[in-house]
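Heads up, the thing below is written out as structure tokens.
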Amino acid sequence: MSDWPLLKMQEIASKKFDSKNVSPEFRECFIQNSLAYENDWVTLENVKNVLSGNACGLDPKKVAVIENHAKALSFVIDLCNSGEKLDENKLKDLHEILMAGIGTGGLYRNVDISVKGSNHTPPSHLKVYDRMKKYFETLEDSSGDVFEKIAYSHLQLAKIHPFLDGNGRCSRLILAYEMMVHSLYPVIIPSNNKEKYFQALEEFKVNKNIVPFVTYLKQLEQSYLEK
């Protein structure tokens, strides 16, 4: 697969994806794949059923997880279409939508944590506010490679792990938002390829190496644009 220039990707993406008219199929697929990373019970069928108003006997908490993600996806799409910037308050609003009825939302964690299966320990809760301030300052900088900035928006949020729960879901939504803002197709990271995804995340968290994820992101983008 050759490495397409950014302008070519943006030109094709503008014909493949319209943020003002997002298909139900995209929403369903995005929600199913994003949720399946931390919830192995999530299937495309039960996502479709919940979004169509037919919960099929699913536990109310599971229904809320799916409905919240659908509302959160709509939130970032609307944010993109309105031209509003993603800031700290908007991120907390997004997280509050994700966690409605199932956990504490919109508040940074006040305890130190570890992440199962990772060699990286998120920063102390005492450092979260400072790290998040620097995170948004970096996103404000319009210079540099577009794909690196988009990758950073996702990776650094996952690395800081500012919330007690929902960090993965939140960071994947931010990735979609940043891709739409930069006139690219908001790729769906396939849950059946989680090993490659987690390896790229870990490489950034542990070694501060953004290249593997940038490469993976470009490959995903090009594969969607070629369909």
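The values are calculated or read from the model by the stated rules, or taken from the named source; none is laboratory data. Because the structure is predicted, anything quoted here is derived from the model rather than measured. Here Cβ is always computed from backbone atoms with ideal geometry, including for glycine, and neighbour counts include all displayed protein chains.
Kindly indicate whether VAL76 is of a type outside the set (D, E, K, R), within 28 Å of GLU195 (Cα to Cα), free of Cβ contacts under 8 Å to residues at least 24 places away in the same chain and part of a helix (DSSP H, G or I).
No; evaluated as a whole, the condition is false for this residue.
Being outside any helix (DSSP H, G or I) and in contact (Cβ under 8 Å) with a residue 24 or more places away in the chain is the filter here; which residues of the range 203-222 pass it? Outline the logic, then answer.
Start the filter on the range 203-222 by keeping residues that are outside any helix (DSSP H, G or I), which leaves 208-210.
Matches in the range 203-222: ILE210 only.
On the given criteria, is LYS61 at pLDDT below 95, part of a helix (DSSP H, G or I) and within 19 Å of ASN46 (Cβ to Cβ)?
Working: at pLDDT below 95: yes; part of a helix (DSSP H, G or I): yes; within 19 Å of ASN46 (Cβ to Cβ): yes.
Taking the combined requirement at face value, the residue satisfies it.
Condition check: among the hydroxyl-bearing types (Ser, Thr, Tyr) and at pLDDT below 95. Does SER191 satisfy that? Walk me through how you get there before you give the answer.
Values: among the hydroxyl-bearing types (Ser, Thr, Tyr): yes; at pLDDT below 95: yes.
Yes: the conditions hold for SER191.
Have a look at PHE204, PHE213 and point out the one that is under 24 Å from LEU86 (Cβ atoms), within 14 Å of the chain's Cα centre (by Cα), of a type outside the set (A, V, I, L, M) and crowded, with 20+ Cβ neighbours inside 10 Å.
The conditions single out PHE213.
Residues checked against (1) within 21 Å of VAL206 (Cα to Cα); (2) of a type in the set (Phe, Trp, Tyr); (3) touching a residue at least 12 places away in the same chain (Cβ under 8 Å); (4) assigned to a helix (DSSP H, G or I):
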site	(1), (2), (3), (4)
LYS116	yes, no, no, no
PHE147	yes, yes, yes, yes
TYR152	yes, yes, yes, yes
LEU155	yes, no, yes, yes
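Cβ contacts < 6 Å: first residue surrounded by fewer than 13 Cβ atoms within 10 Å (Cβ to Cβ), restricted to the range 9-33; second residue in a helix (DSSP H, G or I) and not hydrophobic (A, V, I, L, M, F, W, C), any location; separation 6+ or different chain. Result?
LYS20/ASN81
Would you check which residues across the range 162-182 are closer than 18 Å to ARG131 by Cβ, outside any loop (DSSP other than H, G, I, E, B) and of a type in the set (A, V, I, L, M) and list them?
Hit for the range 162-182 is ILE174, nothing else.
Check LYS159, LYS127 and return the single one that is surrounded by 12 or more Cβ atoms within 10 Å (Cβ to Cβ), part of a helix (DSSP H, G or I) and more than 19 Å from the chain's Cα centre (by Cα).
Details: LYS159 fails: more than 19 Å from the chain's Cα centre (by Cα).
When all the criteria are applied, what remains is LYS127.
Among VAL115, VAL50, VAL76, which is on the phi < 0 side of the Ramachandran plot, of a type in the set (A, V, I, L, M, F, W, C) and over 19 Å from the mean Cα position of the chain (by Cα)? I'd like the intermediate steps shown before the answer.
Details: VAL115 fails: over 19 Å from the mean Cα position of the chain (by Cα); VAL76 fails: over 19 Å from the mean Cα position of the chain (by Cα).
Going through VAL115, VAL50, VAL76 in turn, just one is on the phi < 0 side of the Ramachandran plot, of a type in the set (A, V, I, L, M, F, W, C) and over 19 Å from the mean Cα position of the chain (by Cα): VAL50.
List the residue pairs whose Cβ atoms are under 6 Å apart, where the first residue sits in the range 82-105 and is among the basic types (Lys, Arg), the second is surrounded by 14 or more Cβ atoms within 10 Å (Cβ to Cβ), and the two are 6 or more positions apart or on different chains.
From residues that are among the basic types (Lys, Arg), the pairs are LYS92/GLY106.
If you scan the range 88-112, which residues turn out to be in a loop (DSSP other than H, G, I, E, B), over 29 Å from LYS48 (Cα atoms) and out of contact with any Pro (no Cβ under 6 Å at 6 or more places or on another chain)? Walk me through how you get there before you give the answer.
First, the residues of the range 88-112 that are in a loop (DSSP other than H, G, I, E, B): 100-112.
If we keep only those that are over 29 Å from LYS48 (Cα atoms) as well, we get 107-112.
Selection gives LEU107, ARG109, ASN110, VAL111, ASP112.
On the given criteria, is LYS85 in a helix (DSSP H, G or I) and either surrounded by fewer than 18 Cβ atoms within 10 Å (Cβ to Cβ) or of a type in the set (Phe, Trp, Tyr) (or both)?
Details: in a helix (DSSP H, G or I): no; either surrounded by fewer than 18 Cβ atoms within 10 Å (Cβ to Cβ) or of a type in the set (Phe, Trp, Tyr) (or both): yes.
No.
Need pairs with beta-carbon distance below 8 Å; first residue basic (Lys, Arg) and within the range 130-145, second at pLDDT 95 or above and surrounded by 14 or more Cβ atoms within 10 Å (Cβ to Cβ); sequence gap 6+ or separate chains.
Within 8 Å, the pairs are ARG131/PRO123; ARG131/ILE160; ARG131/PRO162; LYS133/GLU88.
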